[in-house]
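The values are calculated or read from the model by the stated rules, or taken from the named source; none is laboratory data. Just so you know, these numbers come straight off a predicted model, no measurement behind them. Cβ sites come from the backbone with ideal geometry, for glycine too, and all protein chains shown count toward neighbours.
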Amino acid sequence: MAILKTENLTYCYSTGTPFEVTALDNANIEIDDGELVAVIGHTGSGKSTLIQHFNGLLKPTSGKVLVDGKDIWESKASLREARFKVGLCFQYPEYQLFEETSYKDIAFGPKNMKLSEEEIDRRVRKAAEFVGVTDDMLERSPFDLSGGEKRRVAIAGVMAMEPKILILDEPTSGLDPKGRDKILGLIKEYRQETGSTVMIVSHSMEDVAKIATKVLVMNSSKVMSYDTVDETYKRADEIMQMGLDVPQITKIFMGLHEKGFPVRTNIYTVEQGIEEIKRIRGQVNGL
């Protein structure tokens, strides 16, 4: 059974006014437990609206959202349960830090879960250790930390709730390449160690290629596709027409293919590119 499912999910902003806009149009999605799903799409495609439905921040205009097979809007109890099962980390989460110390910020979610002080402390320290937040950083104000360190504290705050589904909206926005790789590595490691379902919203097709197992493509408020990374990149032409950019290595192989070279176009990492060149050379040498 899918851990996260939508049935004919539709959401309209400013319903009943001249400014009514359909941000999600009849979205049907089934996400299996343990997947690392990347959600991609151009600005205004419906990505952020979609993920805000998964823990009840937005209520569907029509349709359903099911977590663990249960409609999250069935009752107040099911809505509360969903908000603890689905952890959502917004874009630039460091702007949401507000406590006196990083420890208190990470502990905020677990405290709202009415856990014991011992359990709260265990979760805070476990999450902090996982993302590389030291004991010294825990006792400092989050506002004294670097941008990358703040991002890790904010993500640790969601991880400390130990959600079954972790959702991160543009987790690498504004970070330098080193900081971006660090965050992506942490996300991949988190999913491998916990077995949790992870979903990231991203504009970067290169980031997607590095860590995702499935890709959900949104276009003009609709679900365009939901498939493996490999199958998604076979549709690189369509993706670029939507206004998204594919990795440079993909463009190179698409160009080679257009010039008549018998190469695959669903190449999205340098390592895959090297193997493809070796394959073609092997074919040539075998003639």
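Can you tell me which residue is surrounded by the most Cβ atoms within 10 Å (Cβ to Cβ) among those in segment 201-219 that are within 12 Å of the chain's Cα centre (by Cα) and of a type in the set (S, T, N, Q)? Among residues in segment 201-219 that are within 12 Å of the chain's Cα centre (by Cα) and of a type in the set (S, T, N, Q), the one surrounded by the most Cβ atoms within 10 Å (Cβ to Cβ) is 202.
Test each condition in (1) within 18 Å of the chain's Cα centre (by Cα); (2) buried (at least 20 other Cβ atoms within 10 Å of the Cβ); (3) of a type outside the set (Asp, Glu); (4) under 29 Å from residue 147 (Cβ atoms) for residue 103 and report the one that comes out false. That leaves (1) as the condition not met. Of all residues in segment 58-72, those satisfying the criterion of being modelled with pLDDT of 95 or more and either within 19 Å of residue 204 (Cβ to Cβ) or out of contact with any helix residue (DSSP H, G or I) (no Cβ under 6 Å at 6 or more places or on another chain) (or both) are 58, 59, 60, 61, 62, 63, 64, 65, 66, 71.
Which residues, counting only those in segment 218-248, are among the acidic types (Asp, Glu) and assigned to a strand (DSSP E or B)?
Taking segment 218-248 as the starting set, the residues that turn out to be among the acidic types (Asp, Glu) are 227, 230-231, 237-238, 245.
The one that is among the acidic types (Asp, Glu) and assigned to a strand (DSSP E or B): 227.
So which residues in segment 73-92 are of a type in the set (A, V, I, L, M, F, W, C) and under 23 Å from residue 200 (Cα atoms), if there are any at all? Let's see the steps before the verdict.
Residues of segment 73-92 of a type in the set (A, V, I, L, M, F, W, C): 73, 77, 79, 82, 84, 86, 88-90.
Hits for segment 73-92 are 79, 82, 84, 86, 88, 89, 90.
Of all residues in segment 1-24 being surrounded by fewer than 16 Cβ atoms within 10 Å (Cβ to Cβ) and in a strand (DSSP E or B), which is modelled with the highest pLDDT? Working first, answer last.
Step one: list which residues in segment 1-24 are surrounded by fewer than 16 Cβ atoms within 10 Å (Cβ to Cβ), which gives 1, 8, 13-21.
Next, from what is left, pick out any that are in a strand (DSSP E or B): 8, 13, 21.
Details: 8: 97, 13: 93, 21: 94.
My answer is 8.
Only one of the listed residues (193, 231) is surrounded by fewer than 18 Cβ atoms within 10 Å (Cβ to Cβ) and farther than 21 Å from residue 40 by Cα. That residue is 193.
The set of residues in segment 265-281 that are at pLDDT 90 or above and either in contact with a His (Cβ under 9 Å, 6 or more places away or on another chain) or not in a helix (DSSP H, G or I) (or both) is empty. Scanning segment 167-182 for residues that are part of a loop (DSSP other than H, G, I, E, B) and free of Cβ contacts under 8 Å to residues at least 60 places away in the same chain, we see that the one that is surrounded by the most Cβ atoms within 10 Å (Cβ to Cβ) is 172.
All of 46, 34 fail the test of being crowded, with 16+ Cβ neighbours inside 10 Å and touching a Lys or Arg at 6+ places or on another chain (Cβ under 8 Å), apart from 46.
Of all residues in segment 50-70, those that are basic (Lys, Arg) have Cβ atoms under 9 Å from Cβ atoms of residues that are at pLDDT 95 or above and part of a loop (DSSP other than H, G, I, E, B), 6 or more apart or on another chain, in 59/53; 59/73; 64/72; 64/73.
Which residues, counting only those in segment 160-187, are in contact with a strand residue (DSSP E or B) (Cβ under 7 Å, 6 or more places away or on another chain) and under 17 Å from residue 211 (Cβ atoms)?
In the first step, residues of segment 160-187 are kept if they are in contact with a strand residue (DSSP E or B) (Cβ under 7 Å, 6 or more places away or on another chain); the result is 161, 163-171, 187.
Within segment 160-187, 165, 166, 167, 168, 169, 170, 171, 187 meet the criteria.
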